[in-house]
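Down below is the structure, laid out as structure tokens.
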Amino acid sequence: MLKLTFDFIFSERGVKIMTDVDGATPDPASATSVHVATASTDDTTDTSALLSPVAVNNMALTSSTEVSGQGKVLQHTRRGLKMVGERSFFDLDEPVWHADEKSPTCDKCHAHFSLTLRRHHCRRCGEVICSKCSDKMPLVRMGYVDPVIVCMSCATVCQSEDEFFKMQLKLLVNGAHFHLSDSEDPHSEYELKMSSDHNLIVVSNGHHPIALKDILEVKTLHDESTHHHHHGKNLSLELVYRHCGQEKTVVVSPSPSHARKQSVDWLKALKKGLIMIHKNP
């Protein structure tokens, strides 16, 4: 007996959340040191930084691209050093910054700016903030290589997103094995993995890929009959998506002949990524 849990529905780019849900690495040796000058409109002086091979590799991990070759390159922008180029489903557009001349006070605590209390812009939402209301966090969805200034509200979001890029996204790219309800043979196994550009779910054995932007609806299925024995690990996802102009439905279930935990973790990671896009589009 299956118990249906309704999670969220996509409509174009927007999604309506109904309930809360639970929640190929590049070779470091291939990265090269890059010397750049970093500057910000929020800073009074320019600084220099040496981007180490480790930093380059960390950014390559989050974008699944190398510094050159797969559509993304390092670029020094007025707001910081970024990876720019081919877009991923998880990329976030930069906000319009609030104008300095229209912001005599901090947008958060309303303290008046002065020679000693300087303005800063949150790189994620664009609000003008003071140092007390700001923090430095990774902002990988915008391609920033180094931690950047964000407001305290965005800092919490950035922390969760950074965890997704460091852990769940790597798991999605590595893939896992499943049964698919739309298969002619119900016992056939398929490997599902995220494409290197993070835009497609690639499916083995000749099944068509599923574009992340075309997923319309996600439902969580739990197998009640074995729920208590497996501590709720028999998780499946029902995906409703567009393909070639038609609406299709498929239930993705962990394969019993492979590591079930890996497959369940893969499904949870997919859900987390889709909801991350919805909550913070």
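The values are calculated or read from the model by the stated rules, or taken from the named source; none is laboratory data. From a predicted model like this one, the values you see are computed outputs, not experimental measurements. Backbone-built Cβ (ideal geometry, glycine too); neighbour counts: all protein chains shown. SASA here: full protein model, heavy atoms, side chains in, ligands and nucleic acids out. Shrake-Rupley method; radii C 1.70, N 1.55, O 1.52, S 1.80 Å.
Entry remark, segment 141-151: residues being open to solvent by 20 Å² or more (accessible area, probe 1.4 Å) and in a helix (DSSP H, G or I) number 0 in total. Residues of segment 128-166 that are more than 27 Å from Lys268 (Cβ to Cβ) and touching a Gly at 6+ places or on another chain (Cβ under 6 Å): Val148 alone. Of everything in segment 103-117, what is of a type in the set (S, T, N, Q) and either open to solvent by 60 Å² or more (accessible area, probe 1.4 Å) or outside any strand (DSSP E or B) (or both)? Give them in sequence order. Across segment 103-117, the qualifying residues are Ser103, Ser114, Thr116. Number of residues in segment 70-86 that are closer than 23 Å to His121 by Cβ and open to solvent by 50 Å² or more (accessible area, probe 1.4 Å): the value is 3. Using beta carbons and a limit of 7 Å, which pairs, at least six apart or on different chains, have the first residue in segment 114-130 and acidic (Asp, Glu) and the second one crowded, with 21+ Cβ neighbours inside 10 Å? From segment 114-130, the pairs are Glu127/Cys151.
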